[in-house]
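Here's the structure, in structure tokens; my notes come after.
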């Protein structure tokens, strides 16, 4: 008669063989493909001369890789999430006027509209733009229309939890988060030169600090290490617009380049040693005034070092707004 030990061994062998047979016929799901990512040094930019206005991805040399805007869509203000997997944009509203915010994968798929009426009054429908990701990728600051002016708002990355943080009789624009996620840098425009300039504010709307004044300063952006701020100064006279850089405490102001395109933004290189800036070019000519005279109306980005030297070999053609992924 077999012992209890040999009987248990036989049962174990049968179970093992059964499991092996089961495993051999089991359907194994293929691994999911990794989401596309915007990598360090790549560009996401607006081409105003594409079909309508479209967002493209380019490699570190400025070569177009992919269009991520759908056909017949007017997109602007691209912002890349910190992990490079998502892009927020200001996009045209189907069958309507104005724009709302959308979030999509880095290849343009899974495009989701995340704003429709941010302040709940109906006044802001179609007035959401200039998204900016928080450093942890969980929130988005943006510009919306409220109190008859453009104001700064903050919300969760899925469009919930919207909170207005500026409440002035002023236009506020171009929000950008501090590295610790506690402060937001932005530009403010009011009637009266003393109230124009670059400001920063706590995320809860408190502790406003003015960094520049006396000029219409626009599009502020911090260097990768947070030690400096680049911005566009609009002199509103024959001098046009120029690129400036200053310390994060508003000291050491320096003018780097002139002749900037009105809608372009400065974009720091990932290493913080140079800045891309937009200019009007003669690559396109337009009859602005219907007088038979053609004027330059193309767009392109150049690169300037912090010493003011422009790189003659570097050019991002047709770009009107650029994100240089860090």
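Normalised by residue number, the volume inside the convex hull of the Cα atoms of region 174-281 is 102 Å³ per residue.
Taking a ≥ b ≥ c as the square roots of the Cα gyration tensor eigenvalues, with a/c under 1.5 meaning rounded and otherwise prolate when a/b beats b/c, else oblate, which class fits region 36-324? It would help to have the intermediate numbers written out before the result.
Values: a/c = 1.25, a/b = 1.07, b/c = 1.17.
Rounded is the answer for region 36-324, as its axis ratio a/c remains below 1.5.
Short-range pairs are left out: with C-alpha atoms under 8 Å and at least six residues apart, the relative contact order of region 36-324 is 11 percent. Length available on full extension from residue 207 to residue 239: 0.36 nm per residue minus the Cα-Cα distance, which gives 8.2 nm.
Would you please report the Å³ per residue occupied by the convex hull of the alpha carbon atoms in region 166-224?
Details: hull volume 4.2 nm³, N = 59.
Cα-based convex hull of region 166-224, divided per residue, equals 71 Å³.
Just so you know, all these numbers are worked out from the coordinates, no wet-lab data involved. On a predicted model such as this, the values are computed, not experimentally measured, just so you know.
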